[in-house]
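A.B. asks: I'd like to ask some things about the structure below.
Laboratory data are not the source of any read-out in this text; all were calculated from the coordinates shown. Every value quoted in this text rests on a predicted model; they were computed, and no experiment measured them. So basically every Cβ, Gly included, is an ideal-geometry build from the backbone, and we count neighbours across all protein chains shown.
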Amino acid sequence: PKPDTKGSESSNKPAGQETTGSVQSTADWVLQLGGHQRSLLTVASQDTFEPRDALVLYRKSTSYELTRTGVNLQVDIHVNVHHQPIRELSVRFDRGLHLLTTQLGEKPVRWTIQETAKGEQVTLHFSKPLSGSDRIISFVCTAPLVTGKDWQLPAIHVLEGVWQEEQASVAHSKDLTLVKLQADGCHETTRLPGNVPELDELRLFQFQQPGA
């Protein structure tokens, strides 16, 4: 409902009252119902409010460069942290991936590694609690190149958070021939010339689901 901007205060605004000692204060809210005819409003005393757990939303961008000496991988994870800050974030590396560096913005981040059945679990330890929007965590990795047979490109998987969006780019050196590239859970959006002289065309993919 749209508030009345003329005359006295609108009588159809929802109002909550809070009493502190002998002084009474009133707070007004304007509710946007979004086309719904029925809504449920729950009001609780601030004294009983308990802080919610941290909510981590993330978008991921992965860049693959395939060369005769191996696969160069850069992963940027854009993180939004709501409610409570976090001190750690865990990701899983597919087998074969070797982590070289990781940064938060331009600052290096300390990490620890634990072996699991599905690969290495890497836990990032932030020097200060992480919060806010669009905090960029970058990984630089390498992996062996597999040729002559079908092979799934290795990836980094976020273990704690809500996936929102993901994209990837794949380029290969001019002395390699890409015989087949099958997209599963994603679709190819663009083909561009290589962004450096040593690389052939750049192929861009948009994901419909995490971990595709």
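A.B. asks: Given a cut-off of 23 Å, name the pairs among K149/K174; K60/K174; K118/K180 whose C-alpha atoms lie farther apart than that in the structure shown.
C.D. replies: K60/K174; K118/K180
A.B. asks: Would you mind calculating the gained length between H125 and Q84 on full extension (0.36 nm times residue separation, minus the Cα-Cα distance), in nm to one decimal?
C.D. replies: Here the answer is 13.2 nm.
A.B. asks: Which value in Å does the Kirkwood hydrodynamic radius of the stretch 102-167 take, with 1/r averaged over all unlike C-alpha pairs and then inverted?
C.D. replies: 14.6 Å
A.B. asks: May I ask you to order 143-155, 175-187, 67-79 by the average number of other C-beta atoms within 10 Å around their residues, highest value first?
C.D. replies: 67-79, 143-155, 175-187
A.B. asks: Please list 3J(HN,Hα) in residue order for the stretch 166-175, calculated via the Karplus relation 6.51 cos²θ - 1.76 cosθ + 1.60 where θ = phi - 60°; whole Hz, with x for glycine and proline.
C.D. replies: Listing the rounded values in order: 8, 8, 8, 10, 10, 9, 9, 5, 5, 8 Hz.
A.B. asks: Next question. Please identify every one of the GluC sites (Glu not before Pro) in the stretch 118-189 that sits in a loop by DSSP and has no more than 13 other beta carbons within 10 Å of its own beta carbon.
C.D. replies: In loop regions of the stretch 118-189 (DSSP not H, G, I, E or B), the sparsely surrounded GluC sites (Glu not before Pro) are E160.
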